[in-house]
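Peer 1: Pasting a structure here, questions to come.
Just so it is clear, none of the values below were taken in a lab; they were calculated from the coordinates. Here the structure is a predicted model, which is why all the values come from computation and not from measurement. Glycine gets a Cβ as well: all are built from the backbone with ideal geometry, and neighbour counts include every protein chain shown.
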Amino acid sequence: MKNAVIYTRHSMEQIDKQASACNEYAKANNFHVVKVYQDYNKKRPQWQKIMQDAKENNFDCVICYSCDRITRNFKDLIKYRSILNKYGVDLCFTNSTHDYLDILQFIDKRA
């Protein structure tokens with residue numbers, strides 16, 4: 001069983017709803033949730049903490065409700081995913097954003 005962390009950020013989609021969806025995703029994909037990071041402002045200090053903690057290899061996956069909980073800028077999202085992957089950490093979403101990210105990354109490399 002792989003270890004995962006959950007990331008939520010306050011928005012119109014309440015944190016409890018985000019966390020619930022992430023926990024369901026973890027259970028369905030056989031992840032053991034070791035920590036939940038929650039942000040309540042636009043500076044996203046807990047997201048920055050995830051990026052730091054990823055270096056220590058304490059988890060294999062970051063589960064997030066949707067990509068806009070992390071950033072609304074797709075270039076930043078691709079950058080974050082690349083950094084996490086460098087540390088052996090996957091970035092997973094409870095929706096289908098992961099496939100969309102692959103397409104954007106492919107387009108970005110060709111541009």
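Peer 1: Rank-order 72-78, 44-50, 21-27 by packing density, defined as the average count of other C-beta atoms within 10 Å over each peptide's residues, highest first.
Peer 2: Details: 72-78: 13.7, 44-50: 16.6, 21-27: 18.4.
Sorting 72-78, 44-50, 21-27 by mean packing, highest first, produces 21-27, 44-50, 72-78.
Peer 1: Still on this structure, please answer the following. To the nearest 20 debye, what is the magnitude of the charge dipole of the stretch 17-99 about its Cα centre, counting +1 on the Cβ of each Lys and Arg and -1 on the Cβ of each Asp and Glu?
Peer 2: 360 debye
Peer 1: In nm, what is the difference between 0.36 nm times the number of residues separating Gln48 and Lys17 and their Cα-Cα distance? If you can, show how the numbers build up before the last one.
Peer 2: On the way: separation 31, 0.36 × 31 = 11.16 nm, distance 2.21 nm.
Here the answer is 9.0 nm.
Peer 1: Could you tell me the calculated FRET efficiency between Asn30 and Ile83, based on Cβ-Cβ distance and R0 = 30 angstrom, to the nearest 0.05?
Peer 2: On the way: r = 25 Å, r/R0 = 0.82.
Efficiency, rounded to the nearest 0.05: 0.75.
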